[in-house]
Amino acid sequence: MADRGKRWALTAALVVGMGVAAAPAAFQMFSRAPLGGTMIDDFRPYMSNEKIDTFRGYMTEIDAAVTEADQLRSSLVEGGTFTADEYDTQFFGVGNLTNGWAAIDADMTDLLDRMDANMANYAAVDALPPFAMFPWFFVIPGLAIAVVAARCLWSARAGRAHRGGLWALAGLGIALVAAPFAFQMFSRAPMGAEMIDDFRPMMTRDRVQNVQGHFITLGGAEGQLRVAVMPALVESGGDAADYPAITQFSTDWPSIVTEFNPMIATMSDNVDNFQAVDALPSFSLFPWFFVVPGALVAGLAAVSLRRTSPPTSHLETDSP
Amino acid sequence: MKATRSTTRLLAGLVGALALFAASCGDDDKDTTATTAPTEVTSADTTADTTAPDATVPDTAAPDTTMPDTTMASNPFEGALSGVFGVVTGACADGAVTGSYFRMVQAGGTVEAGPFIPNGDSACADTTYSLLAAGTDGGLLSGDWQAAPEPAFDATGNGLADSLVAPVKFFGVSFAAATDPAEAMPSITGADGTLTGDLSAFTAYYANGVFNQGAPKPDGSGTAATGTIDPTTGAFTLDWTSLIVGGSFDGFTGVWHLEGVFTPNG
């Protein structure tokens with residue numbers, strides 16, 4: 001009866017080990033986890049307060065230029081340089097910006113807010129072991145548990161002593177329980193889950209295309225302001241110095257494009273990577289994927305150890 | 001017996017020569033301008049389409065009409081073309097665009113219907129056209145690469161490659177074009193006044209971003225560049241479109257139109 005119970009416990013440990021080893025395949029972690037790693041790497045240059053502050057500075061600068069662009073239109077129309085219709089037809093790009101700026105500003109600010117708010121979450125996830133290694137954190141201990149449990153079962157069936165194997169099994173279970181604590185997964189994984197939740201609305205193809213569209217609007221307006229509207233102002237006797245925000249916008253525009261361009265590229269290139277990570281089980285659950293099977297294996301090993309006589313008493317029984 | 005054989009051979013030779021003479025005086029309606037084409041022979045000419053204008057011109061001195069004529073003049077604008085597709089600078093006048101240009105279709109649009117991105121820096125009334133001018137090599141090299149310099153960008157993200165076309169201001173930042181030596185060597189073939197080419201290495205450099213603008217794409221998707229070439233003058237047009245995959249312009253499509261005169265190597 002005791003042997004039967006022990007064998008049952010070892011069989012259960014074997015199944016748990018195989019389950020842990022198979023989990024990455026079941027969750028497609030071998031393909032998805034490295035994509036998550038790529039995403040974390042790609043976002044690294046933008047997940048800093050300095051970078052976000054730079055972007056926010058550009059948004060403030062554009063906001064001021066848009067305000068001046070409205071004033072400039074009024075000035076040129078009231079001064080008779082253009083009729084309102086002429087201005088709006090000729091400089092439709094500027095109109096697209098002044099009319100659409102509120103929505104662009106809200107959308108871009110939302111992106112920056114999400115990135116800003118997740119700075120600590122990103123740092124926590126970035127501090128985890130490399131994503132590409134994640135599947136192996138399951139496969140290696142899972143296989144080790146399965147192999148040790150199978151050996152113990154084999155020995156039990158053959159009637160050989162296997163207390164060493166049971167202790168090894170208990171140790172593997174305890175190590176599995178300890179791993180999330182060692183990697184601070186209980187604090188970091190939920191932060192990763194929070195970041196995934198926060199990034200979900202911005203990491204879609206539609207959202208990326210919206211942002212691409214914002215830059216077409218911005219670029220079109222900047223070009224018309226620089227190439228046509230400001231020269232028309234000067235030609236009509238106006239002074240470009242009266243519109244310092246527009247001048248600043250045009251001066252900084254190449255930098256704005258060059259700085260935002262790779263960030264948009266990063267968003268665009270990581271939409272699929274994000275979706276792969278998002279398809280994994282919630283980050284918050286990950287520590288428990290170690291703790292629960294680890295505790296089970298340690299418990300089953302303990303049960304088996306209790307039902308196995310110590311070697312000394314075994315020898316004593318066998319002695320004449 | 002010997003006399004009969006000699007007579008037969010002589011007669012056969014006469015008939016053959018007459019046939020060739022008649023053929024040479026006949027009306028070749030395929031391309032009468034071919035006889036005025038340059039007579040330079042390139043290695044590619046041996047593989048030229050036999051329907052090409054010069055290939056039909058027989059050599060009356062040839063002793064055997066069944067043998068290929070390796071001495072005949074060939075068209076340097078036929079077969080695999082190796083040389084410079086000289087770019088004629090784009091221009092806008094009276095609402096018409098001439099010469100070489102670039103346009104970009106927004107994501108979700110089509111080449112036929114747009115919408116095209118307006119470039120505030122365009123010199124045209126229709127700002128969706130960005131005009132191109134020849135680079136230091138005079139244009140696009142076929143049979144060789146024109147690699148981007150290292151670094152490919154200046155401090156503000158302007159593309160620096162200038163051998164193929166001169167950098168063009170686009171949204172305040174200059175884009176440059178080059179052919180990437182990591183991809184297939186640019187090759188263009190002429191046949192019957194039409195051009196087809198593998199420009200999979202064609203690459204645009206803009207705002208610190210690198211965008212393949214090849215036709216077909218390096219993975220073989222998309223369609224090849226196509227165009228026309230005047231078999232007499234080498235005046236050509238070359239058109240292709242290329243979907244941008246990845247990066248900040250993901251889903252956008254570049255539309256390229258080059259025109260000018262092809263100058264073969266040598």
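The values are calculated or read from the model by the stated rules, or taken from the named source; none is laboratory data. Just so it is clear, the model here is predicted, and its values are computed rather than measured. So basically every Cβ, Gly included, is an ideal-geometry build from the backbone, and we count neighbours across all protein chains shown.
Considering only residues that are touching a Leu at 6+ places or on another chain (Cβ under 6 Å) and more than 15 Å from B:Asp180 (Cβ to Cβ), look in segment B:200-235 and name the one that is surrounded by the fewest Cβ atoms within 10 Å (Cβ to Cβ). Full working, then the answer.
Taking segment B:200-235 and keeping what is touching a Leu at 6+ places or on another chain (Cβ under 6 Å), we get B:214-215, B:225, B:227, B:229.
Now restrict to residues that are more than 15 Å from B:Asp180 (Cβ to Cβ): B:225, B:227, B:229.
Values: B:Ala225: 25, B:Gly227: 21, B:Ile229: 25.
The extreme case among them is B:Gly227.
State yes or no: is B:Gly214 closer than 20 Å to A:Val257 by Cβ and without any contact (Cβ under 8 Å) to a residue 60 or more places away in the chain?
On the way: closer than 20 Å to A:Val257 by Cβ: no; without any contact (Cβ under 8 Å) to a residue 60 or more places away in the chain: yes.
When the stated conditions are applied, B:Gly214 does not pass them.
Here are the criteria: (1) surrounded by fewer than 18 Cβ atoms within 10 Å (Cβ to Cβ); (2) in contact with a Gly (Cβ under 9 Å, 6 or more places away or on another chain); (3) within 14 Å of chain B (Cβ to nearest Cβ). Tell me which single one A:Pro231 does not satisfy.
Unmet for A:Pro231, out of (1) surrounded by fewer than 18 Cβ atoms within 10 Å (Cβ to Cβ); (2) in contact with a Gly (Cβ under 9 Å, 6 or more places away or on another chain); (3) within 14 Å of chain B (Cβ to nearest Cβ): (2).
Tell me which residues, restricted to segment A:238-254, are more than 14 Å from every other protein chain (Cβ to nearest Cβ), closer than 20 Å to A:Thr81 by Cα and in a helix (DSSP H, G or I).
A:Ala240, A:Ala241, A:Asp242
Kindly list the number of the only condition in (1) in a helix (DSSP H, G or I); (2) of a type in the set (S, T, N, Q); (3) surrounded by fewer than 20 Cβ atoms within 10 Å (Cβ to Cβ) that fails for A:Asn121.
Of everything listed in (1) in a helix (DSSP H, G or I); (2) of a type in the set (S, T, N, Q); (3) surrounded by fewer than 20 Cβ atoms within 10 Å (Cβ to Cβ), A:Asn121 misses just condition (3).
All but one of (1) away from chain A (no Cβ under 14 Å); (2) within 15 Å of B:Tyr206 (Cβ to Cβ); (3) of a type in the set (A, V, I, L, M) hold for B:Ala182; which doesn't?
Exception for B:Ala182: condition (2).
Would you check which residues across segment B:89-111 are of a type in the set (Gly, Ala, Ser), closer than 27 Å to B:Thr136 by Cα and surrounded by 13 or more Cβ atoms within 10 Å (Cβ to Cβ) and list them? Full working, then the answer.
Within segment B:89-111, the first condition is being of a type in the set (Gly, Ala, Ser), and the residues that meet it are B:90-91, B:93, B:95-96, B:99-100, B:107-109.
Filter again for closer than 27 Å to B:Thr136 by Cα, leaving B:90-91, B:93, B:96, B:99-100.
Within segment B:89-111, B:Gly90, B:Ala91, B:Gly99, B:Ser100 qualify.
Between A:Val66, A:Val139, A:Val77, which is assigned to a helix (DSSP H, G or I) and within 30 Å of A:Leu172 (Cα to Cα)? Before the answer, list the steps.
Details: A:Val66 fails: within 30 Å of A:Leu172 (Cα to Cα); A:Val77 fails: within 30 Å of A:Leu172 (Cα to Cα).
One residue alone meets the criteria, A:Val139.
Scanning segment A:262-282 for residues that are more than 8 Å from chain B (Cβ to nearest Cβ) and not hydrophobic (A, V, I, L, M, F, W, C), which turns out surrounded by the most Cβ atoms within 10 Å (Cβ to Cβ)?
Applying the filter and picking the extreme gives A:Asn270.
Test of understanding: among A:Ile52, A:Ile62, which residue is more than 23 Å from A:Ala120 (Cβ to Cβ) and either of a type in the set (A, V, I, L, M) or crowded, with 17+ Cβ neighbours inside 10 Å (or both)? Quick ask: steps written out before the conclusion?
Values: A:Ile52 fails: more than 23 Å from A:Ala120 (Cβ to Cβ).
From the options A:Ile52, A:Ile62, the qualifying one is A:Ile62.
Would you confirm whether or not segment B:218-228 contains a residue that is closer than 20 Å to B:Phe175 by Cβ, within 14 Å of another protein chain (Cβ to nearest Cβ) and not in a loop (DSSP other than H, G, I, E, B)?
Checked against the condition, which is being closer than 20 Å to B:Phe175 by Cβ, within 14 Å of another protein chain (Cβ to nearest Cβ) and not in a loop (DSSP other than H, G, I, E, B), segment B:218-228 yields no hits at all.
Quick one: would you say B:Val245 is assigned to a strand (DSSP E or B) and either of a type in the set (Val, Ile, Thr) or in contact with a Phe, Trp or Tyr (Cβ under 7 Å, 6 or more places away or on another chain) (or both)?
On the way: assigned to a strand (DSSP E or B): no; either of a type in the set (Val, Ile, Thr) or in contact with a Phe, Trp or Tyr (Cβ under 7 Å, 6 or more places away or on another chain) (or both): yes.
No, not satisfied.
Of all the residues that make up segment A:135-155, how many are buried (at least 21 other Cβ atoms within 10 Å of the Cβ) and modelled with pLDDT under 90?
The qualifying residues number 1.
For the condition within 14 Å of another protein chain (Cβ to nearest Cβ) and not basic (Lys, Arg), what is the one hit in B:Gly254, B:Gly246, B:Gly260? Walk me through how you get there before you give the answer.
On the way: B:Gly254 fails: within 14 Å of another protein chain (Cβ to nearest Cβ); B:Gly260 fails: within 14 Å of another protein chain (Cβ to nearest Cβ).
None of the others qualify; the one that does is B:Gly246.
Are there strands (runs of 3 or more DSSP E) fully within segment B:72-152 with at least 1 residues that are within 14 Å of chain A (Cβ to nearest Cβ) and at positive phi? List them. It would help to see each step written out before you state the result.
Working: elements: B:79-81, B:83-87, B:91-93, B:96-98, B:101-110, B:114-116, B:139-142.
Those strands (runs of 3 or more DSSP E) span B:101-110, B:114-116.
Quick one: in segment A:142-170, which of the residues that are in a helix (DSSP H, G or I) and free of Cβ contacts under 8 Å to residues at least 24 places away in the same chain is nearest to A:Asn273 (Cα to Cα)?
Applying the first criterion (in a helix (DSSP H, G or I)) to segment A:142-170 yields A:142-158, A:163-170.
So of that shortlist, the ones also free of Cβ contacts under 8 Å to residues at least 24 places away in the same chain come out as A:151, A:154-155, A:158, A:164-165, A:168.
Values: A:Arg151: 40, A:Trp154: 44, A:Ser155: 46, A:Ala158: 50, A:Gly164: 44, A:Gly165: 41, A:Ala168: 38 Å.
Checking each candidate, the answer is A:Ala168.
Condition test on A:Met47, is it over 28 Å from A:Gly100 (Cα atoms) and not aromatic (Phe, Trp, Tyr)?
Values: over 28 Å from A:Gly100 (Cα atoms): no; not aromatic (Phe, Trp, Tyr): yes.
Considered against the rule, which asks whether it is over 28 Å from A:Gly100 (Cα atoms) and not aromatic (Phe, Trp, Tyr), A:Met47 comes out as no.
Considering only residues that are within 14 Å of chain B (Cβ to nearest Cβ) and crowded, with 20+ Cβ neighbours inside 10 Å, which ones fall in segment A:184-210? I'd like the intermediate steps shown before the answer.
Here is the first cut: in segment A:184-210, the ones within 14 Å of chain B (Cβ to nearest Cβ) are A:203-210.
If the condition is that a residue be within 14 Å of chain B (Cβ to nearest Cβ) and crowded, with 20+ Cβ neighbours inside 10 Å, then A:Met203, A:Val208 are the ones that fit.
Specify which of the listed residues (A:Ala9, A:Ala69, A:Ala26) is hydrophobic (A, V, I, L, M, F, W, C) and free of Cβ contacts under 8 Å to residues at least 40 places away in the same chain. Break it down into steps so the answer makes sense when it comes.
On the way: A:Ala9 fails: free of Cβ contacts under 8 Å to residues at least 40 places away in the same chain; A:Ala69 fails: free of Cβ contacts under 8 Å to residues at least 40 places away in the same chain.
The match here is A:Ala26.
So that you can scan it fast, the table gives a plain yes or no per residue for (1) touching a residue at least 24 places away in the same chain (Cβ under 8 Å); (2) touching a strand residue (DSSP E or B) at 6+ places or on another chain (Cβ under 8 Å); (3) crowded, with 23+ Cβ neighbours inside 10 Å:
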| position | (1), (2), (3) |
| --- | --- |
| B:Ala113 | no, no, no |
| B:Ala133 | yes, yes, no |
| B:Gly143 | yes, yes, no |
| B:Glu150 | no, no, no |
| B:Ala178 | yes, yes, yes |
| B:Asp198 | yes, yes, no |
